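Below you'll find the structure, written out as structure tokens, and then a few comments.
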Amino acid sequence: MRILIVSEVYDHGVGGVQRALDTLVSGLRAAGDDVTVMTSASHSLRRSHTETLDNGATVHKIVSVPYPLNPRNNRVTLFPQRAVQRFWRMQPAFDVVHYMTPASWLHTSVRELATRHQVPQMSTNHTMPENISMNTHLAPLSRAIDWGARKTIVGFMNSSDLVTAPTQAALDSTPGLRVPAHAVSNGLDVEYYRPGTPRTDIHTAYKLSPDKHTIIYTGRLDGEKRVDLVIDAAKHLARTRDDVQFVIVGKGLRMNELQAKVARHHLKRVVRFTGFVSEDDKRDLLRISDVFVMASPAEFQCISALEALACGVPVVVAGRVALPELTDGGRNGLVFTYPDSADCAAKIAELLDDEPRRRAMADAARTWVVDNHSIAATIEAYRRLYRELAR
């Protein structure tokens, strides 16, 4: 099949949405499909251009500008209609158009042409309004920003033939949908993310003690991730025990602010920041960890948590949106009451102090991810939906 995927955000291999898109594109190419991604350029350009990825997919990049509400993370195409029309005229007909987080002029420009040429259309939403509003310094306007973003996304998705989201919780938290909707996991490379022996110097490389329990966070250090609550949980635990260490893996808009918080509360001996690390190092850091923690109130799935579970690491997650699904009813981990950092600390301690239970959860976590979130299952689910649309 010839599939056009449209996403404002696609800097190959960077970020959660981009990684989900990488998984989809690579899987479709491996299955023999012809895939083109239309996206904003990751840096300033005078004109649009086309690149070919290592997997054979085509990426058409359109001139863009920094996104005003989150300029460090995202870019957006500016008046892309003519560039989209030129591109469309040069292409053989597509069988399906697939929009990712549709909320921009790029999406509406493609929609006009796809509708005119009667090409079936699917929309997938990866983004909650809080992903935008919690990364701005416009707190008084956050409710208006959330309302506007939600209305725009839902309105666009209702113009599609079919809608997907990574989890049922994501669909349930998107009121107003009036078209058929399916939950399809982002998928994970479960052969790469698996339990195993880490490199021998991983503790030394990141100044971690092999004699302490390790609690890990991986992901962006942005507002909606609420890593500040993870640091507060570390503060609670450090008051009564000296056998824990927290490792914060990643970078983002709030990194300096979070490091200052750690220094202010005299937690440098407890909390380590690694910055950006390679995939191999991230996997090794997961393999030496006892618990993964995620305190975000705005997760439609959380690929970072799936990676931890696939490596056999139990999770402690906020009881918001899709995160509770990751615990599989308490078999893979525990849910804390958001935003109660003391409860987060208590749930972490509960797992650290019960090694048999933690090991049972580790085994269950690995099995659950393999059974429910493999790349193969995700790609087959999407290809089945594409075929149904194209009939």
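Condition check ((1) assigned by TED's automatic domain parsing to the domain that holds Val277; (2) of a type in the set (Gly, Ala, Ser)) across all residues:
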{"residue": "Asp172", "(1), (2)": "no, no"}
{"residue": "Val179", "(1), (2)": "no, no"}
{"residue": "Gly196", "(1), (2)": "no, yes"}
{"residue": "Leu208", "(1), (2)": "yes, no"}
{"residue": "Thr240", "(1), (2)": "yes, no"}
{"residue": "Val249", "(1), (2)": "yes, no"}
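Check Ile153, Ile216, Ile145, Ile202 and return the single one that is farther than 17 Å from His126 by Cβ and at pLDDT below 95.
Details: Ile153 fails: farther than 17 Å from His126 by Cβ; Ile216 fails: at pLDDT below 95; Ile202 fails: at pLDDT below 95.
When all the criteria are applied, what remains is Ile145.
So which residues in the stretch 362-391 are buried (at least 17 other Cβ atoms within 10 Å of the Cβ), farther than 13 Å from Thr327 by Cα and touching an Asp or Glu at 6+ places or on another chain (Cβ under 8 Å), if there are any at all?
Scanning the stretch 362-391 gives Ile375, Arg383, Tyr386, Leu389.
Say we look at the stretch 97-141 and pick out the residues that are of a type in the set (S, T, N, Q) and in a loop (DSSP other than H, G, I, E, B); which of these is modelled with the lowest pLDDT?
Going residue by residue through the stretch 97-141, those that are of a type in the set (S, T, N, Q) are 101, 104, 108-109, 115, 118, 121, 123-125, 127, 131, 133, 135-136.
From the residues that got through so far, the ones that are in a loop (DSSP other than H, G, I, E, B) too are 101, 104, 118, 125, 127, 135-136.
Working: Thr101: 87, Ser104: 89, Gln118: 97, Asn125: 93, Thr127: 78, Asn135: 60, Thr136: 64.
By that ranking, first place goes to Asn135.
Which residues, taken from the stretch 191-212, are more than 10 Å from Val247 (Cβ to Cβ), part of a loop (DSSP other than H, G, I, E, B) and more than 27 Å from the chain's Cα centre (by Cα)?
Within the stretch 191-212, Thr200, Asp201, Ser209, Pro210, Asp211, Lys212 meet the criteria.
Name the pairs: first residue in the stretch 7-31 and at negative phi and among the β-branched types (Val, Ile, Thr), second residue in a loop (DSSP other than H, G, I, E, B) and modelled with pLDDT of 95 or more, Cβ to Cβ under 7 Å, at least 6 apart or on different chains?
Thr23/Asn186; Thr23/Gly187
For Val247, which of the numbered conditions (1) within 20 Å of Phe292 (Cβ to Cβ); (2) modelled with pLDDT of 95 or more; (3) out of contact with any strand residue (DSSP E or B) (no Cβ under 8 Å at 6 or more places or on another chain) fails to hold?
Evaluating Val247 over (1) within 20 Å of Phe292 (Cβ to Cβ); (2) modelled with pLDDT of 95 or more; (3) out of contact with any strand residue (DSSP E or B) (no Cβ under 8 Å at 6 or more places or on another chain) leaves (3) as the failure.
The values are calculated or read from the model by the stated rules, or taken from the named source; none is laboratory data. These numbers were taken from a predicted model, which means no experiment stands behind them. Note that we place each Cβ from the backbone using ideal geometry, even for glycine, and neighbour counts take in every protein chain shown.
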